[in-house]
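Here the structure is laid out as structure tokens; the discussion comes afterwards.
The values are calculated or read from the model by the stated rules, or taken from the named source; none is laboratory data. Model, not experiment: these values are computed from the prediction. Note that each Cβ is placed from the backbone with ideal geometry, even for glycine, and that neighbours are counted across all protein chains shown.
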Amino acid sequence: MIRFEQVGKRYPNGHVGLHELSFHVQRGEFLFITGHSGAGKSTLLRLLLAMERPTSGKLLLAGQDLARIGNAQIPYLRRQIGVVFQNHQLLFDRTVFDNVALPLQILGLPKADISERVQIALERVSLREKAEQFPHDLSTGQQQRVGIARAVVHRPALLLADEPTGNLDPRLAAEIMGVFEDINQLGTTVLIASHDLALIARMRHRMLTLQRGRLIGDGEATE
Ligand SMILES: Nc1ncnc2c1ncn2[C@@H]1O[C@H](COP(=O)(O)OP(=O)(O)OP(=O)(O)O)[C@@H](O)[C@H]1O
Ligand SMILES: [Mg+2]
């Protein structure tokens, strides 16, 4: 599904964010991207979202080279992807239902379809009964789960998360990782950038380790 072939990213100021990165990800995989602050984790995710372009190499996502796709194709590319951020960026003046429905409203889906899909997405994160509440009435972990529901409501093939547990205590962080595993079980490919090594080690998934923009490890995380 994803192929990095000697992908490099040099920022306009000359800083090299990624050096000749090569790895493959199969459809349905669950993997972590780890490394110290500044290692290039967010850069890697931004390349997959076509928020940044590689400056060298080939980056294939579902057969398309992201170094070469036209700007007009980017919205179609992003429909295949869901994104979860550390601060979930919910709209606090809208209900949980409306927050999750937003991506579908942007796509212009009929109301009945939106309603059905939002229910399913909320069920996947165990929040169906909270649909009519507002985000400030939810706990931090529940808010992050709303962010995950919104990221998967359009049924993306690929789910990207950048430090999705960065603001959570260890128990909640583990719970949120469990939600990602559930989503992966249903067939979505999941890539999570995180520096929470203790948590990652317990989950025994594939882990890519970056160091100053270079890939220095690729294997199952162990304690
Ligand atoms: N727009 C930019 N222009 C120049 N340099 C950048 C830009 N964005 C990121 N960088 C640099 O590229 C390197 C990788 O940054 P990146 O944000 O990918 O790191 P990260 O692994 O996500 O770190 P963190 O754990 O702190 O989020 C850093 O040295 C950063 O300063
Ligand atoms: Mg980052």
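Tabulated data
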| read-out | value |
| --- | --- |
| Hey, residue 222 in a loop (DSSP other than H, G, I, E, B) and surrounded by fewer than 18 Cβ atoms within 10 Å (Cβ to Cβ) or not | yes |
| Set 78, 68: member being within 22 Å of residue 121 (Cβ to Cβ), modelled with pLDDT under 95 and of a type outside the set (Asp, Glu) | 78 |
| Criterion (touching a strand residue (DSSP E or B) at 6+ places or on another chain (Cβ under 8 Å), more than 16 Å from ligand 1 (Cβ to nearest atom), touching a residue at least 24 places away in the same chain (Cβ under 8 Å) and among the aromatic types (Phe, Trp, Tyr)) met by exactly one of 30, 92 | 30 |
| Residue count, the stretch 109-148 (criterion: closer than 26 Å to residue 75 by Cβ, exposed (fewer than 12 other Cβ atoms within 10 Å of the Cβ) and at pLDDT below 95) | 0 |
| Residue pairs meeting the criteria (Cβ under 7 Å; at least 6 apart or on separate chains; first in contact (Cβ under 8 Å) with a residue 24 or more places away in the chain, in the stretch 34-58; second of a type in the set (Lys, Arg) and part of a loop (DSSP other than H, G, I, E, B)) | 39/212 |
| Exclusive hit being buried (at least 21 other Cβ atoms within 10 Å of the Cβ), touching a helix residue (DSSP H, G or I) at 6+ places or on another chain (Cβ under 9 Å) and within 16 Å of residue 213 (Cα to Cα), set 44, 66, 18, 61 | 18 |
| The stretch 169-207 - residue that is away from ligand 2 (no atom under 16 Å from the Cβ) and in a loop (DSSP other than H, G, I, E, B) and, of those, nearest to the chain's Cα centre (by Cα) | 188 |
| In the stretch 15-43, the residues that are within 16 Å of ligand 2 (Cβ to nearest atom), farther than 17 Å from residue 203 by Cβ and among the polar types (S, T, N, Q) | 37, 42, 43 |
